[in-house]
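The values are calculated or read from the model by the stated rules, or taken from the named source; none is laboratory data. Every value quoted in this text rests on a predicted model; they were computed, and no experiment measured them. Please note: Cβ atoms are built from the backbone with ideal geometry, for glycine as well, and neighbour counts cover all protein chains shown. Calculation scope for accessible area: heavy atoms of the full protein, side chains included, ligands and nucleic acids excluded. Shrake-Rupley method; radii C 1.70, N 1.55, O 1.52, S 1.80 Å.
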Amino acid sequence: IEENPVEYKGYLVHGSKLALEVVAELDFTIREMFGASRWLERFETPPVGKKVKHRMRLTLIDGMLSVLRVVRDYSLTAVIAHGEACLVLMSVFSTEARVAAYAERSVSPAEAATLEEVMETLEYAVFISPLTLPKASFAQIRDYIPEINVVNVGCSRAVVLVPLRDGNAELCRTIAKTIHGAEIVNLTFPGPAYKTLHRDVVCSALSKASTI
């Protein structure tokens with residue numbers, strides 16, 4: 001899931017018996033002026049009205065549905081997310097969020113059934129530096145979509161890459177702890193974690209299956 005102007009094509013995350021490679025990138029949900037793009041709505045100074053909260057919630061839901069549809073259409077078995085996009089991927093793993101999304105976006109029962117089948121084939125998830133900008137956005141997101149306050153990745157093999165010695169390290173660690181079932185891997189990134197990637201990552205949690 002693309003979050004920043006970073007080169008993702010061909011990015012690899014290694015396990016001892018496999019490697020996950022980026023072969024498809026999702027476009028952003030929001031296009032702003034001067035070329036800026038985002039997955040989530042910008043932080044709103046409290047108090048936040050109901051209509052604004054509803055818009056913020058629907059934006060995240062739209063991102064979640066985009067992920068599910070791309071995984072379905074490309075028959076993917078793994079998803080890698082970076083930065084704020086990790087919150088979108090977290091929603092994918094929330095049964096309650098998916099059910100709400102189908103209802104709130106009028107997804108047909110037939111399509112909803114095919115999207116639920118995606119969760120049976122999605123084997124791997126990698127969350128790279130899960131964070132929000134600004135940091136206060138995380139509490140706001142949990143308010144307008146409480147379905148992702150705690151997420152269980154189920155039987156998928158998931159890892160969360162948490163940056164060390166980074167201004168967002170504490171926030172990344174806090175978010176990582178809400179992703180139950182994922183292995184947390186602490187790494188030193190070559191630059192600010194919200195816009196850089198750690199190359200040559202090896203995660204033992206991704207080596208439990210011989211095929212993907």
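Within the stretch 139-148, one or more residues are in a helix (DSSP H, G or I), in contact (Cβ under 8 Å) with a residue 12 or more places away in the chain, charged (D, E, K, R) and open to solvent by 60 Å² or more (accessible area, probe 1.4 Å).
Residues in the stretch 124-141 that are aliphatic (A, V, I, L, M) and closer than 29 Å to Ala19 by Cβ: Ala125, Val126, Ile128, Leu131.
Looking across the stretch 41-60, the residues that are farther than 17 Å from Ala100 by Cα and of a type in the set (Val, Ile, Thr) come down to Thr45, Val48, Val52. Contact map, the stretch 36-57: residues that are loosely packed, with under 14 Cβ neighbours inside 10 Å paired with residues that are among the acidic types (Asp, Glu), Cβ distance under 6 Å, separation 6+ or inter-chain. Pairs shown: Val52/Glu44. Every condition in (1) out of contact with any strand residue (DSSP E or B) (no Cβ under 7 Å at 6 or more places or on another chain); (2) part of a loop (DSSP other than H, G, I, E, B); (3) modelled with pLDDT of 95 or more is met by Leu133 except one, and the failing one is (3). There is at least one residue in the stretch 197-208 that is in contact with a Leu (Cβ under 8 Å, 6 or more places away or on another chain), surrounded by 14 or more Cβ atoms within 10 Å (Cβ to Cβ), over 21 Å from Ser91 (Cα atoms) and of a type in the set (S, T, N, Q).
Among the conditions (1) of a type outside the set (Ser, Thr, Tyr); (2) in a helix (DSSP H, G or I); (3) under 20 Å from Val22 (Cβ atoms), the only one that Val160 does not satisfy is (2).
Determine, yes or no, whether Leu76 is in a loop (DSSP other than H, G, I, E, B), under 17 Å from the mean Cα position of the chain (by Cα) and modelled with pLDDT under 95.
On the way: in a loop (DSSP other than H, G, I, E, B): yes; under 17 Å from the mean Cα position of the chain (by Cα): yes; modelled with pLDDT under 95: yes.
Yes: the conditions hold for Leu76.
Collect the residues in the stretch 85-115 that are under 27 Å from Thr132 (Cα atoms), in a helix (DSSP H, G or I) and either open to solvent by 10 Å² or more (accessible area, probe 1.4 Å) or of a type in the set (Phe, Trp, Tyr) (or both), keeping them in residue-number order.
Thr95, Glu96, Arg98, Val99, Ala100, Tyr102, Ala103, Glu104 - these are the residues of the stretch 85-115 that are under 27 Å from Thr132 (Cα atoms), in a helix (DSSP H, G or I) and either open to solvent by 10 Å² or more (accessible area, probe 1.4 Å) or of a type in the set (Phe, Trp, Tyr) (or both).
The numbered conditions (1) more than 15 Å from the chain's Cα centre (by Cα); (2) in contact (Cβ under 8 Å) with a residue 60 or more places away in the chain; (3) crowded, with 20+ Cβ neighbours inside 10 Å; (4) closer than 19 Å to Phe28 by Cα are all true for Phe189 except (4).
So how many residues does the stretch 154-182 have that are open to solvent by 70 Å² or more (accessible area, probe 1.4 Å) and either touching a strand residue (DSSP E or B) at 6+ places or on another chain (Cβ under 9 Å) or at pLDDT below 95 (or both)? Matching residues across the stretch 154-182 total 5.
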